[in-house]
Amino acid sequence: MNKYSKITPEIYALADKVKTNCVIDPELYQKYEVKRGLRDISGRGVLTGLTEICEVHSYTIVDNEYVPCEGKLYYRGIDVEEIIDGFTKDNRFGFEEVTYLLLFDELPNKEKLDDFNKLLEFYRSLPSSFVRDVIMKAPSKDMMNTLARSVLTLYSYDEQAENISIENVLRQGLQLIALFPLLTVYGYKAYRHYFYGKSLVIHPPKEGLSTAENILYMLRSNKKYTELEARILDIALVLHAEHGGGNNSTFTTHVVTSSGTDTYSAVAASLGSLKGPKHGGANIKVMQMFDDIKENIKDWNNEEEVGKYLSDILNKKAFDKSGLIYGMGHAVYSISDPRANVLKKFVKQLSDEKGMQEEFGLYEMVERLAPEIIAKERKIYKGVSANVDFYSGFVYSMLGLPMELYTPIFAVARISGWIAHRLEELNNAGKIIRPAYKSVSKKRSYVGLDDRNEDV
């Protein structure tokens, strides 16, 4: 470890001051009715904006009371389950169609969809020497940081980087949507080569392939994949493409865009948000938790044994001692997360193809037992159910995707939603977003340098 990365005794001493001096009394949050996380105690969010892009539906109002219901997700007013049923029945890939819908508020006909796919193909090419000069140099151990750095560097290659007209931002957005699979896969290839000495094989994207197909095509050395693999990855991209204006990374998009900054800075900020384990990084924690469960439970079919271990996880006796059963619960959904329900149907098919029925059975058991255990041992204000992260990590593992790419794949999908929200924020010319924070510090007088007491 180099000297600048070490936490020295001096830093530890200064950190103790932060931990001691910079703590706010938790009771003050209740006293001043602060909506921590911009949500009330029942999980309802504070209304901070309007959007036409997406609706997350988790309750109905009966006699002026909020009543939880089965979760629903709407893209531009259309139920995402209907969208997926539509393109899967036609044996088509859906991510590009959904991207068009999110951006332009209309479903494309065949001609418009073909033209849109050609436009994405046109932009699916990095600047000359970008792979060599940017991606291959100083690779990071974290792919989200690599992706963010690549996005910020693309600023230097854009002659209209600061132009925030709708036309230019749309052009920039389409380029980023097209390039994210390349930046993600190539960044991982460089990391794999420099940190683990693996062979460096770079495949250019292939014309005529969907986003999902190209991800598998570029990632795998032999360029091969099954139709089911590509279709399920495509569905995962569709389900992750958008989730309303209030999720942390998309809200970041709105906040940063409202300042008038450039597209690359806005997207890099959103990537920083998505990286967090409480957001896009959650499916990694799910996979790590299940790896731990499989190592410590002898009989995966024994409900009593599985239930006991889940209780140990909840009570900070097992796994990472956080007290969290990852993949269970959501800030908005209570009874069900529609994305998890949809994904589960296809996960079963993929587990049959991969011969991983036993693992799928374990996931089903945890999904069924965890809400019961949480409800029994925790005071909860709304229902708990499996969220999309619960099954997405399992899907990616069956597809052979390295864990380092789980969150970047989320970004490959969510960039479509981010660009739609950035355009919406710019198009409606809102004010700079600046919520209030109440100061609870006590007033005191300045003390001259010579009159200050020595630290004890």
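Go through the stretch 391-442 residue by residue and tally those that are in a loop (DSSP other than H, G, I, E, B) and hydroxyl-bearing (Ser, Thr, Tyr).
Counting residues in the stretch 391-442 that are in a loop (DSSP other than H, G, I, E, B) and hydroxyl-bearing (Ser, Thr, Tyr) gives 3.
Across the stretch 415-456, which residue is surrounded by the most Cβ atoms within 10 Å (Cβ to Cβ) among those that are farther than 30 Å from residue 237 by Cα and aromatic (Phe, Trp, Tyr)?
Step one: filter the stretch 415-456 for residues farther than 30 Å from residue 237 by Cα, giving 431-432, 434-456.
Add one more test, that the residue is aromatic (Phe, Trp, Tyr), and what stays is 437, 446.
Numbers: 437: 7, 446: 5.
Result: 437.
Return yes or no: is residue 438 of a type outside the set (Ser, Thr, Tyr), touching a helix residue (DSSP H, G or I) at 6+ places or on another chain (Cβ under 9 Å) and modelled with pLDDT under 95?
Against the criterion (of a type outside the set (Ser, Thr, Tyr), touching a helix residue (DSSP H, G or I) at 6+ places or on another chain (Cβ under 9 Å) and modelled with pLDDT under 95), residue 438 qualifies.
Could you please let me know if residue 299 is under 17 Å from residue 359 (Cβ atoms) and not polar (S, T, N, Q)?
It is true that residue 299 is under 17 Å from residue 359 (Cβ atoms) and not polar (S, T, N, Q).
Only one residue in 293, 313 is in contact (Cβ under 8 Å) with a residue 40 or more places away in the chain, within 23 Å of residue 375 (Cβ to Cβ) and in a helix (DSSP H, G or I), so which one is that? Break it down into steps so the answer makes sense when it comes.
On the way: 313 fails: in contact (Cβ under 8 Å) with a residue 40 or more places away in the chain.
Exactly one residue qualifies, and that residue is 293.
When the stretch 214-224 is examined, which residues are found to be in contact (Cβ under 8 Å) with a residue 24 or more places away in the chain and of a type outside the set (Val, Ile, Thr)?
Selection gives 214, 216, 218, 219, 220.
Tell me, yes or no, whether the stretch 385-406 has at least one residue that is β-branched (Val, Ile, Thr), farther than 30 Å from residue 269 by Cα, in contact (Cβ under 8 Å) with a residue 24 or more places away in the chain and surrounded by 19 or more Cβ atoms within 10 Å (Cβ to Cβ).
Among the residues of the stretch 385-406, not one is β-branched (Val, Ile, Thr), farther than 30 Å from residue 269 by Cα, in contact (Cβ under 8 Å) with a residue 24 or more places away in the chain and surrounded by 19 or more Cβ atoms within 10 Å (Cβ to Cβ), which makes the answer no.
Filter the stretch 332-343 down to the residues that are touching a helix residue (DSSP H, G or I) at 6+ places or on another chain (Cβ under 9 Å) and surrounded by fewer than 20 Cβ atoms within 10 Å (Cβ to Cβ) and list them by number. Talk me through it step by step, then tell me what you get.
Here is the first cut: in the stretch 332-343, the residues touching a helix residue (DSSP H, G or I) at 6+ places or on another chain (Cβ under 9 Å) are 333, 337-343.
Matches in the stretch 332-343: 341 only.
When you scan the stretch 268-281, do you find a residue that is assigned by TED's automatic domain parsing to the domain that holds residue 386 and either touching a strand residue (DSSP E or B) at 6+ places or on another chain (Cβ under 9 Å) or among the aliphatic types (A, V, I, L, M) (or both), even just one?
For the stretch 268-281, residues assigned by TED's automatic domain parsing to the domain that holds residue 386 and either touching a strand residue (DSSP E or B) at 6+ places or on another chain (Cβ under 9 Å) or among the aliphatic types (A, V, I, L, M) (or both): absent.
Every residue, every condition in (1) surrounded by 14 or more Cβ atoms within 10 Å (Cβ to Cβ); (2) β-branched (Val, Ile, Thr), yes or no:
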residue	(1), (2)
130	yes, no
143	yes, no
179	yes, no
186	yes, no
191	yes, no
201	yes, yes
206	no, no
213	yes, no
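Identify the single condition in (1) in contact with an Asp or Glu (Cβ under 7 Å, 6 or more places away or on another chain); (2) surrounded by fewer than 22 Cβ atoms within 10 Å (Cβ to Cβ); (3) within 18 Å of residue 409 (Cβ to Cβ) that residue 286 does not satisfy, given that it satisfies every other one.
It fails just one condition, (2).
Considering only the stretch 300-314, state which residues are surrounded by fewer than 18 Cβ atoms within 10 Å (Cβ to Cβ) and either of a type in the set (S, T, N, Q) or within 12 Å of residue 361 (Cα to Cα) (or both).
Correct list: 300, 301, 302, 303.
Test of understanding: among 243, 203, which residue is part of a loop (DSSP other than H, G, I, E, B) and in contact with a strand residue (DSSP E or B) (Cβ under 7 Å, 6 or more places away or on another chain)?
On inspection, the qualifying residue turns out to be 243.
Tally the residues that are surrounded by 19 or more Cβ atoms within 10 Å (Cβ to Cβ) and touching a Lys or Arg at 6+ places or on another chain (Cβ under 7 Å), restricting the search to the stretch 320-330.
Going through the stretch 320-330 one residue at a time, the tally reaches 1.
Mind telling me which of the residues 157, 188 ends up being closer than 20 Å to residue 394 by Cα and among the aromatic types (Phe, Trp, Tyr)?
188 is the lone residue from the list that is closer than 20 Å to residue 394 by Cα and among the aromatic types (Phe, Trp, Tyr).
Is the stretch 33-53 home to any residue that is more than 27 Å from residue 433 (Cβ to Cβ) and out of contact with any His (no Cβ under 9 Å at 6 or more places or on another chain)?
no
How many of the residues making up the stretch 182-215 are β-branched (Val, Ile, Thr) and modelled with pLDDT under 95?
2
If the Cβ limit is 8 Å and pairs must be 6+ apart or interchain, which residue in the stretch 84-96 that is within 18 Å of residue 214 (Cβ to Cβ) pairs with which residue that is surrounded by fewer than 20 Cβ atoms within 10 Å (Cβ to Cβ) and of a type in the set (S, T, N, Q)?
Listed by first residue and then by second, the contacts come to 94/88.
So in the stretch 102-155, with the set limited to residues that are of a type in the set (Val, Ile, Thr) and within 19 Å of residue 170 (Cα to Cα), which one is nearest to the chain's Cα centre (by Cα)?
151
The values are calculated or read from the model by the stated rules, or taken from the named source; none is laboratory data. Remember, it's a predicted structure, so these values are computed and weren't measured experimentally. Heads up, the Cβs are rebuilt from the backbone with ideal geometry, glycines too, and the neighbour counts pull from every protein chain shown.
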